[in-house]
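Student: Please see the structure below; I have some questions.
The values are calculated or read from the model by the stated rules, or taken from the named source; none is laboratory data. Bear in mind that the values here come from a model prediction, so they are computed numbers and not experimental data. A quick note on method: Cβ atoms are made from the backbone with ideal geometry, for glycine too, and the neighbour counts reach across all protein chains shown.
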Amino acid sequence: MKVTREKEENRQVWLNIEMEPAEMEEALDESFHRLAQRADIPGFRKGKAPREVLERHIGKDRLLEEALNTLLPQAYEKALKEQELEPFASPSIEITQSDPMIFKATVPLKPVVELGDYQSLRLKPEPPEAIGDELNNMIEQLRRQHGSWEPAERAAGFDDLVMMDVDSQVEDKPFINQQGVQYQILKNQAAPAPGFAEQLVGMKGGEEKEFKLPLPADYAQAELAGKEASFKIKVNEVKQLKLPELNDEFAVAVNPEFKSFDGLKKRITENLKLMAEDRARMEFEEKVVDAAVDLSQVDFPPVLVETEIDRTLEQQARQLQANNMAMEEYLSRIGKTGEELREELRPAATKRVFRSLVLGRIAELEKIEVKEADINAELDRMIQSAGEKKDEARKQLDTPQVRSSLEQIVATRKTVQRLVEIAEGPKRAVKKTKGSKKAARKT
């Protein structure tokens, strides 16, 4: 076997591996003996058919495939030892010639992370945003949720509810045909077609109207996309939303726990403040991590980005499946190919890989530890959300794969917390010196 190291860049090494004819023949012979033990050949007991008979029975390509399945991994391992390489991930192998047998192996190497002086980071968190508008919006939202629909003796307007009959066609074929359907008139509503809601504004109970609307090019039903729909509408009744008064009775209706409107308002205020504090904390954490990442230099093999894109697509496919949609249908709706979607995801995936490698290296230097108790606590939090199906959820989630994922999540969280301590200043971040190792470990 002859191994040539062609080049090295982007934390990848390209190896050219040429097999000797004798090595190939030995691999083919071993492959023949393995297949002969499994093949049912008329007139021969298993393992007794000559090689030329077996080749005629299963084909030379099948014999070669079997040989390469064993030979290539063995040759690759020998090449790694000869070149003194430690791969970081699985290689990409391409056969470039069959006689003599030559293949190329692209070997991903361990990423190189050069951190900047993250210990010198000093950032000041921004105070949480005021909640005045949010408080009013939340109360108004609750009023709408507990409002009642009452007949309106006037023309329909935005936010009203209409009871109507719908008769429609697309190219003389039935489209939407329903009697007594309820429809709330909202601005810029896309269903059943853009502009439909606007056509209802100004209509009164008992009034009829006919109009045509184009269906968008990305319409959910691909066979109707871009075509024109004809509608005939009869409004039977117009209703308006009557909002409850802001009093103690309204507070009890929202939740019997509250005895007064002031109590409800106080609880909403407290919750909004907590949410604002959480947002401010997360924004500060993001700012600190971005600062640490900006100080760093990272060189890693492209396979890490491809793996991250694969992970994102798998997650997206599961979400689509939960909504009874296949990835092919989704791609058709957005008008993209699978490769175009991969390229669209590439910048964000590259950023996540870069960020993960930086945080991983900081975790090593800061000696971040994740204990079994940390993983168990994280798992318990996930299971609590399952409600009555906690036992079933535990069986599904308490697996080595999930625990490994949770370990990574907890490690990242602890690393970010450590960076925040450093960025907030020496009062919370103990500088590591020879005399303060014990104190540093406690932070």
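Student: Which residue out of Pro100, Pro73 is over 28 Å from Leu304 (Cβ atoms) and either among the hydroxyl-bearing types (Ser, Thr, Tyr) or surrounded by fewer than 13 Cβ atoms within 10 Å (Cβ to Cβ) (or both)?
Tutor: Details: Pro73 fails: over 28 Å from Leu304 (Cβ atoms).
From the options Pro100, Pro73, the qualifying one is Pro100.
Student: Cβ-Cβ distance below 7 Å, separation of 6 or more or different chains: which pairs start in the stretch 69-80 with a residue that is under 15 Å from Met24 (Cα atoms) and end on one that is in a helix (DSSP H, G or I) and aliphatic (A, V, I, L, M)?
Tutor: Hits for this filter: Thr70/Ala27; Leu71/Ala27.
Student: Now a separate question. Identify all residues within the stretch 363-392 that are of a type in the set (Asp, Glu) and modelled with pLDDT under 85; write none if there are none.
Tutor: Going residue by residue through the stretch 363-392, those that are of a type in the set (Asp, Glu) are 364, 366, 369, 372, 374, 378, 380, 388, 391-392.
If the condition is that a residue be of a type in the set (Asp, Glu) and modelled with pLDDT under 85, then Glu388, Asp391, Glu392 are the ones that fit.
Student: Has the stretch 354-374 got any residue that is out of contact with any His (no Cβ under 8 Å at 6 or more places or on another chain), among the hydroxyl-bearing types (Ser, Thr, Tyr) and either free of Cβ contacts under 8 Å to residues at least 40 places away in the same chain or outside any helix (DSSP H, G or I) (or both)?
Tutor: No: the stretch 354-374 contains no residue that is out of contact with any His (no Cβ under 8 Å at 6 or more places or on another chain), among the hydroxyl-bearing types (Ser, Thr, Tyr) and either free of Cβ contacts under 8 Å to residues at least 40 places away in the same chain or outside any helix (DSSP H, G or I) (or both).
Student: If you check Glu84, Glu94, Glu77, which single one turns out to be under 12 Å from Val13 (Cβ atoms), in the same structural domain as Leu64 (by TED's automatic domain parsing) and out of contact with any Gly (no Cβ under 6 Å at 6 or more places or on another chain)? It would help to see each step written out before you state the result.
Tutor: Numbers: Glu94 fails: under 12 Å from Val13 (Cβ atoms); Glu77 fails: under 12 Å from Val13 (Cβ atoms).
After applying the criteria, what remains is Glu84.
Student: Determine whether Arg62 is modelled with pLDDT under 75, of a type outside the set (A, V, I, L, M) and in the same structural domain as Gln97 (by TED's automatic domain parsing). Let's see the steps before the verdict.
Tutor: Details: modelled with pLDDT under 75: no; of a type outside the set (A, V, I, L, M): yes; in the same structural domain as Gln97 (by TED's automatic domain parsing): yes.
Here the answer is no, as Arg62 does not meet what is asked.
Student: Take the conditions surrounded by fewer than 17 Cβ atoms within 10 Å (Cβ to Cβ) and closer than 30 Å to Val298 by Cβ and apply them to Gly59. Does it pass? Spell out the reasoning first.
Tutor: Values: surrounded by fewer than 17 Cβ atoms within 10 Å (Cβ to Cβ): yes; closer than 30 Å to Val298 by Cβ: no.
When the stated conditions are applied, Gly59 does not pass them.
Student: Still on this structure, I have one more. So if I check each of Ala36, Ala67, which one is surrounded by 12 or more Cβ atoms within 10 Å (Cβ to Cβ) and over 24 Å from Asp99 (Cα atoms)? Step through it out loud before you land on a result.
Tutor: On the way: Ala67 fails: over 24 Å from Asp99 (Cα atoms).
When all the criteria are applied, what remains is Ala36.
Student: Out of all the residues in the stretch 250-259, is one or more among the β-branched types (Val, Ile, Thr) and outside the structural domain of Leu186 (by TED's automatic domain parsing)?
Tutor: The first filter runs over the stretch 250-259 and keeps only residues among the β-branched types (Val, Ile, Thr), leaving 252, 254.
Narrowing the set further to residues that are outside the structural domain of Leu186 (by TED's automatic domain parsing) leaves 252, 254.
Yes: one or more hits.
Student: Confirm whether Ala349 is small (Gly, Ala, Ser) and surrounded by fewer than 16 Cβ atoms within 10 Å (Cβ to Cβ).
Tutor: Numbers: small (Gly, Ala, Ser): yes; surrounded by fewer than 16 Cβ atoms within 10 Å (Cβ to Cβ): no.
Criteria not met by Ala349.
Student: Now a separate question. Sort out which residues of the stretch 143-195 are among the polar types (S, T, N, Q) and closer than 26 Å to Glu245 by Cα, and write them in order of number. Full working, then the answer.
Tutor: First, pick out the residues of the stretch 143-195 that are among the polar types (S, T, N, Q): 145, 148, 168-169, 177-179, 182, 184, 188-189.
Within the stretch 143-195, Gln145, Ser148, Gln182, Gln184 meet the criteria.
Student: Okay, moving on. Within the stretch 160-181, work out how many residues are exposed (fewer than 12 other Cβ atoms within 10 Å of the Cβ) and either in contact with a Leu (Cβ under 6 Å, 6 or more places away or on another chain) or under 30 Å from Asp248 (Cβ atoms) (or both).
Tutor: 0
Student: I've got another one for you. Among the residues of the stretch 232-271, write down those that are surrounded by fewer than 15 Cβ atoms within 10 Å (Cβ to Cβ) and assigned to a strand (DSSP E or B).
Tutor: Of everything in the stretch 232-271, those that are surrounded by fewer than 15 Cβ atoms within 10 Å (Cβ to Cβ) and assigned to a strand (DSSP E or B) turn out to be Lys232, Asn236, Lys242.
Student: Looking at (1) farther than 30 Å from Ile422 by Cβ; (2) free of Cβ contacts under 8 Å to residues at least 12 places away in the same chain; (3) assigned to a helix (DSSP H, G or I), can you tell me which one Thr312 breaks?
Tutor: (2)
Student: Take the residues in the stretch 184-215 that are closer than 16 Å to Glu237 by Cα and of a type in the set (Lys, Arg); name whichever of them is nearest to the chain's Cα centre (by Cα). Spell out the reasoning first.
Tutor: To start, the set of residues in the stretch 184-215 that are closer than 16 Å to Glu237 by Cα comprises 184-185, 197, 199-209.
With the extra rule that they be of a type in the set (Lys, Arg), the set shrinks to 204, 209.
Values: Lys204: 47, Lys209: 45 Å.
Selected residue: Lys209.
Student: Can you name the residue in the stretch 393-404 that is surrounded by 14 or more Cβ atoms within 10 Å (Cβ to Cβ) and either basic (Lys, Arg) or modelled with pLDDT of 90 or more (or both) and is also farthest from the chain's Cα centre (by Cα) among such residues?
Tutor: From the stretch 393-404, those surrounded by 14 or more Cβ atoms within 10 Å (Cβ to Cβ) are 393-394, 397-398, 402-403; that's our starting set.
Filter again for either basic (Lys, Arg) or modelled with pLDDT of 90 or more (or both), leaving 394, 403.
On the way: Arg394: 23, Arg403: 19 Å.
So the residue we want is Arg394.
Student: Any residue in the stretch 356-367 that is surrounded by 12 or more Cβ atoms within 10 Å (Cβ to Cβ), within 29 Å of Ala291 (Cβ to Cβ), under 18 Å from the mean Cα position of the chain (by Cα) and not assigned by TED's automatic domain parsing to the domain that holds Ile422?
Tutor: Yes, there is a match, as at least one residue in the stretch 356-367 is surrounded by 12 or more Cβ atoms within 10 Å (Cβ to Cβ), within 29 Å of Ala291 (Cβ to Cβ), under 18 Å from the mean Cα position of the chain (by Cα) and not assigned by TED's automatic domain parsing to the domain that holds Ile422.
Student: So, Arg5, is that one within 23 Å of Asp99 (Cα to Cα), outside any helix (DSSP H, G or I) and among the charged types (D, E, K, R) or not?
Tutor: Working: within 23 Å of Asp99 (Cα to Cα): yes; outside any helix (DSSP H, G or I): yes; among the charged types (D, E, K, R): yes.
The answer is yes for Arg5.
Student: Going through the stretch 274-309 one residue at a time, which ones are among the aromatic types (Phe, Trp, Tyr) and assigned to a loop (DSSP other than H, G, I, E, B)?
Tutor: If the condition is that a residue be among the aromatic types (Phe, Trp, Tyr) and assigned to a loop (DSSP other than H, G, I, E, B), then Phe300 is the only one that fits.
Student: Another question, then. Can you list residue pairs whose Cβ atoms sit under 6 Å apart, with the first residue in the stretch 32-44 being under 15 Å from Gly59 (Cα atoms) and the second being surrounded by fewer than 16 Cβ atoms within 10 Å (Cβ to Cβ) and not charged (D, E, K, R)? Count only pairs 6 or more apart in sequence or on different chains.
Tutor: What qualifies is Ala36/Gly47.
Matching residues to (1) surrounded by fewer than 16 Cβ atoms within 10 Å (Cβ to Cβ); (2) under 30 Å from Lys265 (Cα atoms); (3) within 33 Å of the chain's Cα centre (by Cα):
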residue: Thr96; (1), (2), (3): yes, no, no
residue: Leu115; (1), (2), (3): no, no, yes
residue: Ala152; (1), (2), (3): no, no, no
residue: Phe158; (1), (2), (3): yes, yes, no
